[in-house]
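A short worksheet on the structure shown next.
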Amino acid sequence: MINKRLLIKNLLSHNDENSFYDKKQKLSLTSKDGKAKFLKHICALSNSNPENNSYIIIGVEDEENKIFGVDFFDDSKIQNLVNAYLKNPPKIEYENVPFPSLPRNKVIGLVTIHSNKKITSLLKNAWKYKKDIIFYRRGSNSMPFLGKNFELNNTNKEIVTAIEKNASNNIELTLNGVFDFIKNHKPDHKPQYKVFNEQFVLCWAGEQKIINNEIYFSRVDIELINEQVQLFFSALDDVQIRYNKNSFLITEFIYLGLEKQEKLYPLEKTIINFKENGKHDIVAKFLFKPPVFNDEIMVHIYNNCNLIIKKIELHKLLSKTEQEDVLRLPTNYLICYLHGFLDAEEQLKKAKNYIKNLERKFTYVKYKKTLRIIRKVKYG
């Protein structure tokens, strides 16, 4: 079992990117160029490592290997993007890896590319990259192949095998991981752990509350200690947690509604299955059925949101009422999106910097949560 934090450290010890790993300050899959560049690197690393895994590390400054982290990223459908744009797509995994030096809301992203021993190319145009183009790694660069017959060559199998072996987990790392998790969470969040199948150690913590006689948790943090992977993190969501002998179940809810009429709606259920063969899998089931509101009310809310955005763009002073409305802007635009106003997502993004600079930082958390829910709704 590989300790992903140790794996990242071992990869970074090679300092410069090379033909089996790359590092990025952030990952942007919302823009055309960001999505295309990500696909280019997946393609190049897969073609340059037919016999071993290759990796992309996200949240690291390039020149000095400074670890600054990124937000928790729970896009379990990232494989769908790769499948849609690449011919002979490799299997990829995105994992969130906590580091002691980072705040609890920041992680290092680790993308693992499992090559399928086939030549990978673009299935269709992506930004400026044309259909059928093949990429490969030359040192730290992802290059287009300009020849006629591309051949897969194994050059990194021995070194990557050694790096992964040196990142193997042990009892000391596991115990330290459990102690660190408990130490880094408030006692009233009741940090605890459970061992599954005598192999897997899962830790979780959260602020417990009772809603309609049901137990929910907020500010939830869940980690698989053996691999140093953060499986769930949220500052906002209401979550129900269940577990049995072989599985751990997380059901995520969101508050949604107009003004003071918000209710809890189930969003997604995640099941972590621990197997006897030393492996585990994660299955996500989308549950969300959005509420339906009066069309005239929705048009009014949408227009009001757009007026606020326009004033923000023109740097005009907002009235006291509009300043209060800004605090509900993420929620209102989400409801608008769910009612068919599909450009609500782009409208909300126009207010990012304004919301980010508000004194009440909770609104920016709601902003990021809204975009995350929209992404889940698209996939769902």
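If you check THR112 against the conditions, is it among the polar types (S, T, N, Q), in contact with a Pro (Cβ under 9 Å, 6 or more places away or on another chain) and at pLDDT 95 or above? No; evaluated as a whole, the condition is false for this residue. Under the condition of being of a type in the set (S, T, N, Q) and outside any loop (DSSP other than H, G, I, E, B), which residue from region 65-89 is modelled with the highest pLDDT? So the residue we want is ASN83.
Mind telling me which of the residues ASN213, ASN141 ends up being among the polar types (S, T, N, Q), more than 26 Å from ARG5 (Cβ to Cβ) and outside the structural domain of ASP237 (by TED's automatic domain parsing)? Give the derivation first.
Details: ASN213 fails: outside the structural domain of ASP237 (by TED's automatic domain parsing).
Every option except ASN141 fails the conditions.
Being farther than 23 Å from SER115 by Cβ, buried (at least 16 other Cβ atoms within 10 Å of the Cβ) and out of contact with any strand residue (DSSP E or B) (no Cβ under 6 Å at 6 or more places or on another chain) holds for only one residue in ASP74, ASP33, ASP62, and it is ASP74. Across region 40-56, the number of residues qualifying as under 30 Å from GLY177 (Cβ atoms) and either part of a loop (DSSP other than H, G, I, E, B) or assigned by TED's automatic domain parsing to the domain that holds GLN228 (or both) comes to 2. Region 268-380 holds helices (runs of 4 or more DSSP H) entirely within its bounds, and those carrying 2 or more residues that are among the aromatic types (Phe, Trp, Tyr) and surrounded by 12 or more Cβ atoms within 10 Å (Cβ to Cβ) map to 329-338, 362-379. Between LYS23, LYS9, LYS37, which is of a type in the set (Lys, Arg), in the same structural domain as GLU151 (by TED's automatic domain parsing) and outside any helix (DSSP H, G or I)? Unique residue meeting the criteria: LYS23. If you check LYS310, LYS366, LYS349 for being of a type in the set (Lys, Arg) and in contact with a helix residue (DSSP H, G or I) (Cβ under 7 Å, 6 or more places away or on another chain), only one passes: LYS366. Checking each residue in region 232-258 for being within 17 Å of the chain's Cα centre (by Cα), among the aliphatic types (A, V, I, L, M) and modelled with pLDDT under 95 picks out ALA235, LEU236. The requirement of being surrounded by 14 or more Cβ atoms within 10 Å (Cβ to Cβ) and in contact with a His (Cβ under 7 Å, 6 or more places away or on another chain) is satisfied by PRO90.
Residue by residue through region 58-113, note down the ones that are in contact (Cβ under 8 Å) with a residue 24 or more places away in the chain, under 21 Å from LYS369 (Cα atoms) and hydroxyl-bearing (Ser, Thr, Tyr). Correct list: SER76 only. Among residues of region 203-215 that are over 18 Å from TYR265 (Cβ atoms), those with a beta-carbon under 8 Å from a residue that is small (Gly, Ala, Ser) at least six positions away or on a different chain give the pairs CYS203/GLY177; GLY206/SER218; GLU207/SER218. Hey, any hits in region 110-129 for a residue that's in contact with a His (Cβ under 9 Å, 6 or more places away or on another chain), surrounded by 13 or more Cβ atoms within 10 Å (Cβ to Cβ), of a type in the set (Phe, Trp, Tyr) and not in a loop (DSSP other than H, G, I, E, B)? No: region 110-129 contains no residue that is in contact with a His (Cβ under 9 Å, 6 or more places away or on another chain), surrounded by 13 or more Cβ atoms within 10 Å (Cβ to Cβ), of a type in the set (Phe, Trp, Tyr) and not in a loop (DSSP other than H, G, I, E, B).
The values are calculated or read from the model by the stated rules, or taken from the named source; none is laboratory data. Here the structure is a predicted model, which is why all the values come from computation and not from measurement. Note that each Cβ is placed from the backbone with ideal geometry, even for glycine, and that neighbours are counted across all protein chains shown.
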